[in-house]
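Read-outs: derived from the displayed coordinates by stated rules, not from any lab. Just so we're clear, the structure is a prediction, and the values are computed from it rather than from any experiment. For neighbour counting, all protein chains shown are included, and Cβ atoms are generated from backbone atoms with ideal geometry for every residue, glycine included.
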Amino acid sequence: MAVIWISAGLGVAALFSGLSYFPGSDIAKSRTARTIEMLRGLDPMPRDIVVGSSMAQRAFPPHPNLAAPGQPPRRGLRLAMSCVEPKDIYQLIDAAIELGAERIFVGVNHLFYGIAPCEKIIGDTQGFAGFGPRLRSQIKWLVRGTSWVRATMAYESPWLDRTFKGERALMEKEAPPAFRASDPTPHLVRLLEKASRHGTEVHLFAVPRSDSWLRYIGARQEADFGARLEALSRVVGRPVWRVAVSWPDHLFADPGHVNRTGRARFMDALREMLNGVS
């Protein structure tokens, strides 16, 4: 009986893996393609769009309201997600411009450096824990489709309510970030030029890291990252907004992701920056 179950499981896995490469297959659509598909179906289009990695996902609520004090609420949407690659971020920015977003907020942290291989996709259930991340994601796209994208965009990690206490085990689990070989600057220059033609504001930002994580990765890595941000700023002719290099650990859930308290502080600072409050 065990042999039968194993054979059946391998057969299903092979089927899904094969389908993922079949031209036109619904299962072959990436999270990014599904997200853009969902975005195209929104009416009205959100005025503010947030794009980035899980660092931006933790820093922004699902529907951020970045209206100036005394002004009507602004409809916003967070499209940040974990396990996202630069090409996906560029595609999301491009789609948001074409679809008429008024402002786009782009988290640049993971455009510059990579992250450890993602074994967990947002929204994963323990039922798929034995499968590889690609296969688990494909199964959910097939079963849930666009509805899963909406759930993913609204996902709020339970770690938002956690407080990081500088646990070394958590920092050791996170491999020190390695800078990517590819430079995001040419891609961002192209997208910013396109945004200008469409009358779309683009705000580039970098999320702070925890004090303990900054000490753990070392001053040289941070200096290198800061220099890259400054170089990007010079080329694109606008600042990369960075409220701080690092914040105290109690504002984080883990070494690099803010918790709910950190989010509130980040959002307050962002509103002040947008409204010219010094």
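For residue 113 and residue 94 in the same chain, what is the full-extension length gain: residue separation times 0.36 nm, less their Cα-Cα distance, in nm? Before the final figure, lay out each step's value.
Working: separation 19, 0.36 × 19 = 6.84 nm, distance 2.11 nm.
In short, 4.7 nm is gained.
Given an 8 Å cut-off on Cα distances and at least 6 residues of separation, report the relative contact order of the stretch 180-242 as a percent. Before the final figure, lay out each step's value.
Values: 30 pairs, mean separation 29.3, N = 63.
Over the stretch 180-242, the number comes to 47 percent.
Using the Karplus equation 6.51 cos²θ - 1.76 cosθ + 1.60 (θ = phi - 60°), what ³J(HN,Hα) coupling, rounded to whole Hz, does each residue of the stretch 159-166 give in order, writing x for Gly and Pro?
Per residue, the Karplus-derived 3J(HN,Hα) values read 6, 4, 9, 9, 10, 6, 10, x Hz.
Once fully extended, how much extra length lies between residue 155 and residue 42, figured as 0.36 nm per residue of separation less the alpha-carbon to alpha-carbon distance? Let's see the in-between values first.
Values: separation 113, 0.36 × 113 = 40.68 nm, distance 1.82 nm.
The residue 155-residue 42 span can extend by a further 38.9 nm.
Students often forget the sequence filter, so: which aspartates and glutamates lie under 18 Å Cα-Cα from residue 87 once same-chain residues fewer than 8 apart are removed?
37, 98, 183, 193
Can you run phi through the Karplus equation (6.51, -1.76, 1.60; θ = phi - 60°) for the stretch 60-70 and list ³J(HN,Hα) in whole Hz, with x for Gly and Pro?
Per residue, the Karplus-derived 3J(HN,Hα) values read 10, x, x, 10, x, 10, 10, 6, 5, x, x Hz.
Amide H of residue 183: which non-local residues (sequence gap of 5 or more, or other chain) have their own amide H closer than 5 Å, using H built in the peptide plane?
Hits under the 5 Å cutoff: none.
Please give every one of the aspartates and glutamates within straight-line cross-link reach of residue 173, meaning a C-alpha to C-alpha distance under 14 Å, and leave out same-chain neighbours fewer than 8 residues apart.
Answer for residue 173, where 14 Å is the Cα cut-off: 119, 254, listed by chain and number.
In terms of modelled amide H atoms, which long-range or inter-chain residues lie less than 5 Å from the amide H of residue 104?
49, 201, 202, 203
Which order do peptides 162-172, 200-210, 46-56 fall in by mean Cβ count within 10 Å, highest first? Show your work: numbers first, answer last.
Numbers: 162-172: 14.5, 200-210: 22.3, 46-56: 24.5.
Packing proxy ranking, top to bottom: 46-56, 200-210, 162-172.
In terms of modelled amide H atoms, which long-range or inter-chain residues lie less than 5 Å from the amide H of residue 252?
The answer is 164, 259.
I'd like the Karplus ³J(HN,Hα) series for the stretch 227-235: coefficients 6.51, -1.76, 1.60, θ = phi - 60°, whole numbers in Hz, and an x wherever there's a Gly or Pro.
Rounded to whole hertz, the list is 5, 5, 5, 5, 5, 4, 4, 5, 5.
Using the beta-carbon distance between residue 223 and residue 65 and R0 = 51 Å, what value does 1/(1 + (r/R0)^6) give for FRET efficiency, to the nearest 0.05?
Given R0 = 51 Å and the Cβ-Cβ separation, E is 0.90.
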